[in-house]
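*Asks:* Sharing a structure with you now.
The values are calculated or read from the model by the stated rules, or taken from the named source; none is laboratory data. Computed from a prediction, not measured in an experiment: that's the story for all the values here. Cβ atoms come from the backbone with ideal geometry, glycine included; neighbour counts cover every protein chain shown.
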Amino acid sequence: MYKIRIHGRGGQGAKKAAKIIGQAAFDMGKQVQDFALYGAERRGAPVMSFVRIDDNPILERGYIDDPDVVIVLDKALLEIVNVSAGLDENGLLIINSEHEPVLDTPAVVKHIDATTIALEIIGKPIFNTIMLGALAKFTNIISKDALDRAVEEELSKYPDKIIKANKDAVKKCYEVA
Amino acid sequence: MKHILITGNEAAAWGARLVEPQFIPTFPITPQTECIETLARWKVEGDLPGTDFERMESEHSVMSAAIGAAAVGARVFTATSSQGLMLMHEVLYIASGMRLPIVMANISRGLSAPVTLWSDHNDFLDQRDSGWIMFHAENNQEVLDMILQGYRVAEDPKVLLPVMVNMDGYVLSFTDEPVIIPSYEDVKQFMPAYDPQHTITPDRPVTVGPPVMDEYTDYKAQAHLASRNALTVLKDIQDDFEKIFGRRYHTVDEFMLDDAELVLITQGSMSTTAKAAILEMREEGVKVGLLRLRVIRPWPGEIICKALQNAKAIAVIDRNIAPGKGGIMLPEIVETLYHSNNRPLVSGFIVGLGGKPQTEARIKEITRKLADDLASGRPRIEWNDLEVS
């Protein structure tokens, strides 16, 4: 089973990011479970979302404390949340940051400046979908094509212009990551 | 038929959509809101052409409106949670007393105070004696399937009682899982159009739910017998369901029970985690199995006794608390086994209140303690989430 944990803040789209990963993996014929962990959450509060992906039906439920991949949408979370908890030397941590972060973890750490890509291409600091370009690049759990289709499907209620901007931004992230 | 990734709330909405209800009265409450939002969106987009969708001013009004609509012969759906279900409480008895086949999804959430948004089972177990038929789903597919089966049971002339389909808030309601959506054609084959027999109409005036004297006992006895009938009716419905949709459900879900000496009794979504733990413990040679309660009312006592005939020790895992007593399902199981030829040791564990996660490690810990109880011959009652027992 492949387990992904996403750290973000309320309003940054951690839940949507999990849904898009789930949709992409489901599209690739996998068994999937995705969900977000929140209580009476509000914008800005630390939130988490999770995805489990497997070839067989998934029997595990709940919080993921032994992830294969952790995605961090907001680098300022490093100061208040132990984002690398549960990652081992086979793990991967992808963080939205312009600098290489200093982290005490045995996992491989990659960083991508998704905020700048978002401002350039979408014109707003919306980077949840963009970060998934890096996930597709660094792992083979979701393909670039499946991710493209999932972004299109999950954003289908938005105007074509927004969907295209998101897909372009994901592509850019995939290329530069 | 299509296979899509949806939440438990959306699965409940799909169940309702497929049976084409004529009336959906609603009031939003976390974690049910997404179910109602989904139905409202479909209404606006034209996917529920024959449905009147009404936002009421409270859950008490929702159930009152549901009763009025069902009494004139409409097929009715609604959904609620927690405090909303509590506000409906007195009206629930009127729905069952008037023998109205309403189907309602309850997305379980612990009760205030203090406030929690997370799941436990006190909200619907507090309605245990309301006369409603009560189902409890383990996953999102079962949520949808239980709503379809729920309408068949509710509308059966031998039953005519309202049905509550329960799912765990958050763990199912907000979790995406793959769900097979049946076609309208298959659903129509499974469930012919609703033909209400006893309706209020100006052409044939009748009084329903009036004040009575001695007849009160007769009404209550008939409602009780109707609920018992549902056990027989359900068997046929499960056969039909398998023929048409290819998925088999049993009144009680039995998992690796045949040679199990230790048996865990669970409800709802934590059963999935427990099954995963059991598969791992089986590899270590532990003879453990699981019995999941899917149908809470009517109580399938005989089926439970049969399923437990080889058990030596049982852990009843209650995600609820009756303060001053203990877990709610523990005495139900003990009473049931009192009449059985096999009387295993029974321990009780109270877990997961207010959504506290139930991990595989926790399930294994309960199983180890149950094995200890069997060895010592002394059952225990324990709050498994607390350090002190």
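*Asks:* Hey, can you tell me all the residues within segment A:59-68 that are touching a residue at least 40 places away in the same chain (Cβ under 8 Å) and facing chain B (nearest Cβ under 8 Å)?
*Replies:* Here is the first cut: in segment A:59-68, the residues touching a residue at least 40 places away in the same chain (Cβ under 8 Å) are A:60, A:64, A:66-68.
A:Glu60 - this is the single residue of segment A:59-68 that is touching a residue at least 40 places away in the same chain (Cβ under 8 Å) and facing chain B (nearest Cβ under 8 Å).
*Asks:* Do any strands (runs of 3 or more DSSP E) entirely within segment A:40-109 hold 1 or more residues that are more than 21 Å from B:Val171 (Cα to Cα), and if so, which?
*Replies:* Qualifying strands (runs of 3 or more DSSP E): A:69-72, A:92-96.
*Asks:* Name the single residue, out of those in segment B:175-197 being of a type in the set (D, E, K, R) and free of Cβ contacts under 8 Å to residues at least 12 places away in the same chain, that is farthest from the other protein chains (Cβ to nearest Cβ).
*Replies:* B:Asp195
*Asks:* When you go through (1) at pLDDT 95 or above; (2) surrounded by fewer than 23 Cβ atoms within 10 Å (Cβ to Cβ); (3) within 14 Å of chain B (Cβ to nearest Cβ) one by one for A:Gly91, which number turns out not to apply?
*Replies:* Condition (3) is where A:Gly91 drops out.
*Asks:* Under 9 Å between Cβ atoms, at least 6 apart or on separate chains: pull out the pairs that start in segment B:359-371 with a residue that is more than 14 Å from chain A (Cβ to nearest Cβ) and end on any residue that is among the hydroxyl-bearing types (Ser, Thr, Tyr) and surrounded by 17 or more Cβ atoms within 10 Å (Cβ to Cβ).
*Replies:* Pairs found: B:Ile366/B:Ser347; B:Lys369/B:Ser347; B:Leu370/B:Ser347.
*Asks:* Could you check, for segment A:96-108, whether at least one of its residues is buried (at least 23 other Cβ atoms within 10 Å of the Cβ) and without any contact (Cβ under 8 Å) to a residue 40 or more places away in the chain?
*Replies:* Yes - at least one qualifying residue is present in segment A:96-108.
*Asks:* Take the residues in segment B:175-203 that are at pLDDT 95 or above and of a type in the set (A, V, I, L, M), then tell me which one is surrounded by the most Cβ atoms within 10 Å (Cβ to Cβ). Spell out how you get there, then give the answer.
*Replies:* Filtering segment B:175-203 for residues at pLDDT 95 or above gives B:175-190.
From the residues that got through so far, the ones that are of a type in the set (A, V, I, L, M) too are B:179-181, B:187.
Numbers: B:Val179: 23, B:Ile180: 14, B:Ile181: 19, B:Val187: 19.
The qualifying residue surrounded by the most Cβ atoms within 10 Å (Cβ to Cβ) is B:Val179.
*Asks:* Next question, about the same structure. For segment B:153-174, check the following and say yes or no: at least one residue is away from chain A (no Cβ under 14 Å), among the acidic types (Asp, Glu) and buried (at least 21 other Cβ atoms within 10 Å of the Cβ).
*Replies:* Yes, segment B:153-174 contains a residue that is away from chain A (no Cβ under 14 Å), among the acidic types (Asp, Glu) and buried (at least 21 other Cβ atoms within 10 Å of the Cβ).
*Asks:* I'm trying to understand the selection: among the residues of segment A:14-35, which are surrounded by 21 or more Cβ atoms within 10 Å (Cβ to Cβ) and either more than 12 Å from every other protein chain (Cβ to nearest Cβ) or in a strand (DSSP E or B) (or both)?
*Replies:* Listed by number, the residues that qualify are A:Ala14, A:Ala17, A:Val32, A:Gln33, A:Asp34, A:Phe35.
*Asks:* Can you list the strands (runs of 3 or more DSSP E) lying wholly within segment B:119-204 that have 1 or more residues being of a type in the set (D, E, K, R)?
*Replies:* B:163-168, B:177-181
*Asks:* Something else: Looking at (1) over 25 Å from the mean Cα position of the chain (by Cα); (2) of a type in the set (S, T, N, Q); (3) at pLDDT 95 or above, find the lone condition where B:Ser347 falls short.
*Replies:* (1)
*Asks:* Further question on the same structure: Taking B:Phe135 and the conditions (1) more than 14 Å from chain A (Cβ to nearest Cβ); (2) within 23 Å of B:Val91 (Cα to Cα); (3) touching a Phe, Trp or Tyr at 6+ places or on another chain (Cβ under 8 Å); (4) not basic (Lys, Arg), which numbered condition does it fall short on, given that it satisfies the others?
*Replies:* (3)
*Asks:* Of all strands (runs of 3 or more DSSP E) completely enclosed by segment B:1-95, which ones contain at least 3 residues that are within 18 Å of B:Val165 (Cβ to Cβ), in contact (Cβ under 8 Å) with a residue 40 or more places away in the chain and in contact with a helix residue (DSSP H, G or I) (Cβ under 6 Å, 6 or more places away or on another chain)?
*Replies:* B:23-26, B:77-80
*Asks:* Let me ask something else. Would you confirm whether or not segment B:31-49 contains a residue that is in contact with a strand residue (DSSP E or B) (Cβ under 8 Å, 6 or more places away or on another chain) and of a type in the set (Ser, Thr, Tyr)?
*Replies:* no
*Asks:* Sticking with this structure for a sec: Given the condition in the same structural domain as B:Cys305 (by TED's automatic domain parsing), surrounded by 18 or more Cβ atoms within 10 Å (Cβ to Cβ), modelled with pLDDT of 95 or more and out of contact with any helix residue (DSSP H, G or I) (no Cβ under 8 Å at 6 or more places or on another chain), answer yes or no: does some residue in segment B:357-367 qualify?
*Replies:* Yes, segment B:357-367 contains a residue that is in the same structural domain as B:Cys305 (by TED's automatic domain parsing), surrounded by 18 or more Cβ atoms within 10 Å (Cβ to Cβ), modelled with pLDDT of 95 or more and out of contact with any helix residue (DSSP H, G or I) (no Cβ under 8 Å at 6 or more places or on another chain).
*Asks:* OK, next. For segment A:110-131, enumerate the residues that are within 13 Å of the chain's Cα centre (by Cα) and in a loop (DSSP other than H, G, I, E, B).
*Replies:* The answer is A:Ile126, A:Phe127.
*Asks:* Out of the residues in segment A:135-149 that are touching a strand residue (DSSP E or B) at 6+ places or on another chain (Cβ under 7 Å) and surrounded by fewer than 23 Cβ atoms within 10 Å (Cβ to Cβ), state the one that is farthest from A:Val176 (Cα to Cα).
*Replies:* A:Ile141
*Asks:* Please pick out the residue among B:Arg378, B:Arg343 that is in contact with a Leu (Cβ under 7 Å, 6 or more places away or on another chain), assigned to a loop (DSSP other than H, G, I, E, B) and of a type outside the set (Phe, Trp, Tyr).
*Replies:* Numbers: B:Arg378 fails: in contact with a Leu (Cβ under 7 Å, 6 or more places away or on another chain).
Exactly one residue qualifies, and that residue is B:Arg343.
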